[in-house]
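Heads up: the structure comes next, in structure tokens.
Every number here is computed from the coordinates shown, using simple stated rules; none is lab data. Treat the numbers as computed from the prediction; the structure is a model and nothing was measured. Every residue, glycine among them, receives a Cβ derived from its backbone with ideal geometry; neighbour counts consider all protein chains shown.
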Amino acid sequence: MPSILVLNGPNLSRLGSREPDVYGTTTWAELVTALEAAATADETISVRQTNDESELIQWLYEAADTSSEVVLNPAAFTHYSYALRDAVAVVTGAGLPVVEVHISNPHAREEFRHNSVISGVATGVIAGFGVDSYHLALAALRARR
Ligand code: DQA
């Protein structure tokens, strides 16, 4: 049975109250509920968030070790974490998909957000569709099985 880890980086637990003009008003709790409810009968979805780069890297190792597919919103780590990039490469290097997602469209925002150090090793990128970006990523994972 396919297992999907939906991994989220720093500050995403503040969804709903953090910059709602940019990230929308869906709360973190609502997003977790909606994504877990979106699991089909033949897959499992685990949704997690951390502010800790080390923990995020460990979860990526877990994906590699358990053959899990990954939806990853690296949040601000997107723009500077080479350590996270290398951990994503561990997963995609093992033949497992990692879809990088963003709620906002970083390319339409401040210049420092225009570069992702993750995209070059991700399977694909979905950005700018609000919290629907996550659901589109799940659809992309299912389509490539
Ligand atoms: C984000 C975009 C990042 O630039 C930002 O640091 C985030 C959220 C997004 O989902 O739009 O925390 O990844």
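Do we find that Ile103 is in contact (Cβ under 8 Å) with a residue 12 or more places away in the chain, in contact with a strand residue (DSSP E or B) (Cβ under 6 Å, 6 or more places away or on another chain), under 22 Å from Ser13 (Cβ atoms) and buried (at least 19 other Cβ atoms within 10 Å of the Cβ) in this structure? No; evaluated as a whole, the condition is false for this residue. Count of region 118-131 residues, restricted to those that are within 12 Å of the ligand (Cβ to nearest atom) and either within 18 Å of Ile4 (Cα to Cα) or of a type in the set (Val, Ile, Thr) (or both), is 4. For region 1-54, residues that are within 16 Å of the ligand (Cβ to nearest atom) and assigned to a helix (DSSP H, G or I) total 14.
If the condition is being free of Cβ contacts under 8 Å to residues at least 12 places away in the same chain and closer than 19 Å to Leu56 by Cα, then region 109-129 contributes no residue at all. Of the listed requirements (1) part of a helix (DSSP H, G or I); (2) out of contact with any Phe, Trp or Tyr (no Cβ under 8 Å at 6 or more places or on another chain), Ser116 misses just one: (1).
Report, by residue number, each residue of region 64-104 that is assigned to a loop (DSSP other than H, G, I, E, B) and either closer than 24 Å to Val131 by Cβ or within 16 Å of the ligand (Cβ to nearest atom) (or both). Across region 64-104, the qualifying residues are Ser68, Pro74, Tyr80, Ser81, Leu96, Pro97, Ile103, Ser104. Against the conditions (1) buried (at least 20 other Cβ atoms within 10 Å of the Cβ); (2) within 18 Å of Phe129 (Cβ to Cβ), Leu56 satisfies every one except (2). For region 120-139, the set of residues classified as part of a helix (DSSP H, G or I) and under 13 Å from the mean Cα position of the chain (by Cα) consists of Asp132, Ser133, Tyr134, His135, Leu136, Ala137, Leu138, listed by residue number.
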